[in-house]
Amino acid sequence: VSAAEIELIASNAESAAVTLAGTHSVSVWEGVTYRAVFTVVAGANVTVGGFGGTICGEETHTFTNSGNLTINGGVTVDNITNQKAAVVNYAGGEFTLGGGSLTRSLAAGTYKPNSPNGNSYYALVNNGKANLNSGSISMKDGYSSLIQNVGTAAKEAEMTISGGTYSGGINTVKNDDWGVMTIENGSFENYAQHCVLNAHKLTINGGTFTGEETATFAICTGKWYY
C-alpha cells in the first residue's frame with residue numbers, strides 16, 4: 001500500500017491482507033466492519049483511528065507490528081480466530097494505545113472448568129515496547145490472560161500503563177518472563193483470577209484493581225507453575 005491516508009468506508013465479506021511500509025494513517029468509518037490483517041514492517045509509522053468502525057482479523061493476528069504502531073480513538077480492533085490476537089508487537093517494535101478498543105469478540109475460554117472451548121488467546125501480546133495510555137482492552141475469556149508482556153533473556157519486553165480500562169481474561173495483565181512493567185494509572189477488572197500476575201519486574205504507582213470473591217488475588221507476584 002502506497003497511499004499515505006487510508007479510509008475504510010465499506011464493510012467487506014472476505015478478509016484482506018495489507019502490508020504497510022512508510023508513514024500511513026488508517027481510519028474506519030462508522031458502521032464499517034473491515035475484515036483484514038495488517039503487517040506493519042520495521043521502520044514504518046502507522047496511526048489507526050476512525051469514527052466508530054471495526055477492523056476484524058481472521059486466520060492470523062489482526063495487527064503485527066515491527067515498526068511504530070499507534071491506535072487512537074474511534075476504532076475497535078478485533079480478532080475472532082483461536083490462538084490469534086488483536087495486536088502482536090514484536091521485539092524492536094513500539095506500540096501505543098492512545099484510545100480505541102482491542103478485543104476478541106468471540107473468545108470462549110472458561111476458568112472453571114478450565115477450557116479454551118475452541119477460541120482463546122491474548123488480546124494483546126507485547127515482545128517489544130508498549131505504551132498503554134488510554135482506551136480499553138477487554139474480552140470475555142477465563143482461560144487466556146487479556147494482556148501478555150513477555151521478553152527474552154537477550155531483550156526484555158517493556159510495557160508502561162498510564163491510563164485506560166482493562167477487563168477480562170483469566171488474568172487481566174500477565175507480566176511474563178523477562179517482562180518489565182510499570183503501572184502508573186488505569187482501571188483493571190478481573191472476575192476469574194488476578195488483575196495482575198507478575199513473573200519478572202513490576203512497579204505499581206497507581207491504578208484501580210477490582211475483583212470479587214471468585215478472584216484469587218488482585219495482584220500476584222512471583223514465579224508460578226500453572
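The values are calculated or read from the model by the stated rules, or taken from the named source; none is laboratory data. From a predicted model like this one, the values you see are computed outputs, not experimental measurements. Cβ placement follows ideal geometry from the backbone for every residue including glycine, while neighbour counts extend to all protein chains displayed. These area figures cover heavy atoms from the full protein model, side chains too; ligands, DNA and RNA do not enter into them. Shrake-Rupley method; radii C 1.70, N 1.55, O 1.52, S 1.80 Å.
Computed quantities for the displayed model
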| read-out | value |
| --- | --- |
| Table column - 3J(HN,Hα) (Hz), the stretch 168-184, Karplus curve with 6.51, -1.76, 1.60, x for Gly and Pro | x, x, 4, 10, 5, 10, 10, 8, 8, 3, 6, x, 10, 10, 10, 10, 9 |
| Across 112/174; 84/201; 140/201, pairs whose alpha-carbon gap is larger than 22 Å | 84/201; 140/201 |
| Relative contact order, percent, the chain [alpha-carbon distance under 8 Å, six or more residues apart] | 11 |
| Cα gyration tensor shape for the stretch 1-95, rounded if a/c is under 1.5, else prolate or oblate | oblate |
| Relative contact order (%) - criterion: Cα under 8 Å, at least six apart; region: the stretch 102-218 | 20 |
| Local net charge near residue 61, Cβ-Cβ under 13 Å (Lys/Arg +1, Asp/Glu -1) | -1 |
| Cα gyration tensor shape of the stretch 129-226, rounded if a/c is under 1.5, else prolate or oblate by comparing a/b with b/c | oblate |
| Listed residues 54, 152 arranged by accessible area, highest first, probe 1.4 Å | 152, 54 |
| From the coordinates shown, semi-axes √(5λ) of the Cα gyration tensor in Å corresponds to which of (i) 25, 22, 15; (ii) 51, 19, 14; (iii) 28, 19, 15 | (iii) |
| The chain - charge dipole about Cα centre, Lys and Arg +1 at Cβ, Asp and Glu -1, debye rounded to 20 | 400 |
| Cβ-placed point charges (K, R +1; D, E -1), dipole of the stretch 107-220 about Cα centre in debye, nearest 20 | 160 |
| Probe 1.4 Å - accessible area at residue 90, Å² to nearest ten | 90 |
| Neighbourhood charge, 12 Å Cβ-Cβ cut-off, centred on residue 85 and excluding it, Lys, Arg +1 and Asp, Glu -1 | 0 |
